[in-house]
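Student: Please read through the structure below; I'll follow up with questions.
Computed from the coordinates by the stated procedures, all read-outs in this text should not be read as laboratory data. Everything quoted here is computed from the prediction, not taken from an experiment. Using ideal geometry, Cβ is built from the backbone for each residue, glycine included, and neighbour counts are taken over all protein chains shown.
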Amino acid sequence: MSRHAWQGVHPVGLAVALLAGSGGAAQATSVEFFQGPVISSNRVVGLGGAYIAVAEGADGHLLNPAAFAVRFPYTRHDDFDWDIALSWLSLGKASQDIDQSGLTGFDEGMLFDLGGHMIFGQHGYGIHLRVHRFLLAPVLPDGTTEAARYEQLLGTLGYAYAAYGGQLTVGGALTVVSATVGPRTLDDRQPDDAQELTVQGGGLLGGVLWAPHDLPYRLGVTLRTRALGEEVTGRTAIRGVTPPDRIIAPWQLGGGFAWMFGPRPFNPVADFGDWVERGTPKPDPTLPRKYLMVTADAVVTGPSDADTVGTQALLSGVVRPAGRSHSLSVRAGVESEVWVDVLRLRAGSYYEPNRHADVGRVHGTLGGDWHVGELWWDWKLSGALDVADGYVNLGLGLGFWH
C-alpha cells in the first residue's frame with residue numbers, strides 16, 4: 001500500500017515440523033538479519049515480490065532505491081510529489097515457520113514497515129524503516145521460562161535523481177542495522193543499558209531504473225552491500241538466550257524487468273512541472289486504463305559468517321546455522337485492470353530460499369484493488385494473499401484510487 005494507504009496483515013499458522021533432537025544453548029556469536037517471505041505492501045506481495053523494475057512509490061524503497069524519485073504517471077506534470085507506505089505483519093501466537101528453520105521459538109511477533117519520500121522536480125529524498133520484534137519465553141533445562149524481547153531494525157536514508165526526463169533514475173541510501181536483546185519489559189528503576197544489549201552497524205543500498213520514453217518496458221538493478229554490526233552497547237543476561245555480538249545483513253544483488261501490454265503507456269514523458277506559466281492550464285494527466293503488466297526479478301543473497309544463526313534459532317536457544325552459502329530467489333507476477341476504473345487484479349509466485357538448508361519453498365500470491373468510490377477522496381480497497389508450505393499471509397488495506 002502506498003500514497004496514504006494503510007495495511008494490516010495477519011498470518012494463519014499451518015503445521016510445521018519442529019526440529020527434533022536439537023538442544024543446548026546456541027554458541028554462535030552472529031545473528032543474520034531476518035531473511036524470509038516477502039513482507040511489503042499488498043501490491044508488492046500480490047506481484048510475488050517482483051518489483052525491482054516497477055519501483056513505483058514508497059513500497060519500492062528497499063527493493064530498488066531509485067523509487068525515491070520515480071513518479072507515478074498521474075504525477076508526471078507536478079513539480080512536487082510525495083508518497084508514504086505503511087505495512088505490518090502480526091504473528092500473534094501462531095506456530096508460524098517464518099524463516100524455514102523448523103523452529104517456533106517465539107510467543108508473539110511483529111514485522112513493521114514505514115517509509116516515505118518527497119520529490120522536488122527530479123530530486124527525491126526519503127526514509128524507510130523495517131522493524132522485526134519478537135517476544136519469547138524459551139523453556140530452560142530446569143523447566144522454567146524467562147520472558148525476553150528481541151528486535152531487529154533496518155533503517156535507510158535515501159536520495160535519487162531522475163535523469164533524461166525520468167528515463168534513467170539512480171538512487172542510493174545509507175543503511176543502519178541493529179539488534180536488541182533484553183527483558184520483555186524494562187525496569188524503570190534501572191538504566192536501559194543495564195538491562196538490554198544492542199548491536200549495530202551500517203552499509204549502503206543502491207539501485208538503477210531504466211524506463212525509456214514511449215517504450216513498453218523497464219529494467220532495474222539493485223545492490224545492497226554487506227552490513228556488519230559489531231558496535232555493542234549495554235548488557236543483558238537472559239537465561240536460555242545467548243545475546244549476539246554481531247548482526248549481519250548479507251549483501252544482495254538483484255535484477256528485474258517489467259513489460260506492459262495494451263494501450264496504456266508504461267513510461268510517458270514527464271515534465272516535472274516545467275509547463276508552469278501564469279495563466280497556462282495544467283496538462284491533463286489522464287492515460288488509457290487498460291493494460292497487462294508482466295514483471296520478473298532474480299535476487300542473489302550472499303553468505304554470512306560461519307558462526308551465524310537465524311532469528312528463530314537464536315530465540316529458541318538451539319544451534320541452527322544460517323547463511324552458510326549463497327542463495328537465489330526468483331520472482332514473477334502479472335497485473336491488469338480487468339474492469340476499467342473498477343478492478344485491478346494481480347497474481348505471482350516466488351521461490352523463497354532456505355538459509356538453513358539446500359531446499360526452499362515456493363509461494364503463490366494473489367492480490368487486487370477495488371475502486372469503491374468517492375468520499376472526500378477517491379478510495380480503493382486492496383488485498384493480497386501469500387501461501388506456502390508452513391506459511392499463510394492475508395493482507396487487507398485502504399488507499400487512494402488513481
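Student: Compare Val338, Val181, Val294 in a GNM of the chain, Cα atoms joined below 10 Å, and give the one with the largest fluctuation.
Tutor: Evaluated over the chain, the most mobile residue of the options is Val338.
Student: Can I ask one more? Quickly work out the Val340-to-Asp79 label distance, labels modelled 7 Å from Cα along the C-beta direction, and quote it in nm with one decimal.
Tutor: Taking the two extended label points, one gets 3.5 nm.
Student: Now for a different question. Identify which of Ser41, Ser178, Ser90 has the largest mean-square fluctuation in a Gaussian network model of the chain, with springs joining Cα atoms closer than 10 Å.
Tutor: Most flexible of the set in this elastic network: Ser90.
Student: I've got another one for you. How do Val38, Val31, Val300, Val208 rank when sorted from fewest to most other Cβ atoms within 10 Å of their own Cβ?
Tutor: Result, fewest neighbours first: Val300, Val208, Val38, Val31.
Student: Out of these labelled values of semi-axes √(5λ) of the Cα gyration tensor in Å, [x] 29, 27, 18; [y] 36, 27, 18; [z] 40, 22, 19, which was calculated from the coordinates shown here?
Tutor: Entry [z].
Student: Something else about it: Order by neighbour count: Asp378, Asp307, fewest other Cβ atoms within 10 Å first, most last.
Tutor: Starting with the residue having the fewest Cβ neighbours, the order is Asp378, Asp307.
Student: Please give the charge dipole size of segment 250-402, origin at the Cα centre, charges +1 on K and R Cβ atoms and -1 on D and E Cβ atoms. Round to the nearest 20 debye.
Tutor: Result for segment 250-402 is approximately 220 debye, rounded to the nearest 20.
Student: For segment 224-358, state what percent of all Cα-Cα pairs lands in each successive 5 Å bin, counting from 0 Å until the bin that includes the largest distance.
Tutor: It works out to 2, 8, 11, 12, 11, 10, 9, 9, 8, 8, 6, 4, 2, 1, 0, in whole percents.
Student: Need the C-alpha centroid separation for segment 33-87 versus segment 232-280, integer Å.
Tutor: So the two Cα centres are separated by 6 Å.
Student: Could you tell me how far the Cα centroid of segment 321-391 sits from the Cα centroid of segment 157-173, in Å?
Tutor: What the calculation gives is 26 Å, centre to centre.
Student: Taking the beta-carbon count within 10 Å as an exposure proxy, list Asp187, Asp369, Asp271 from fewest neighbours to most.
Tutor: Going from sparsest to densest Cβ surroundings: Asp187, Asp271, Asp369.
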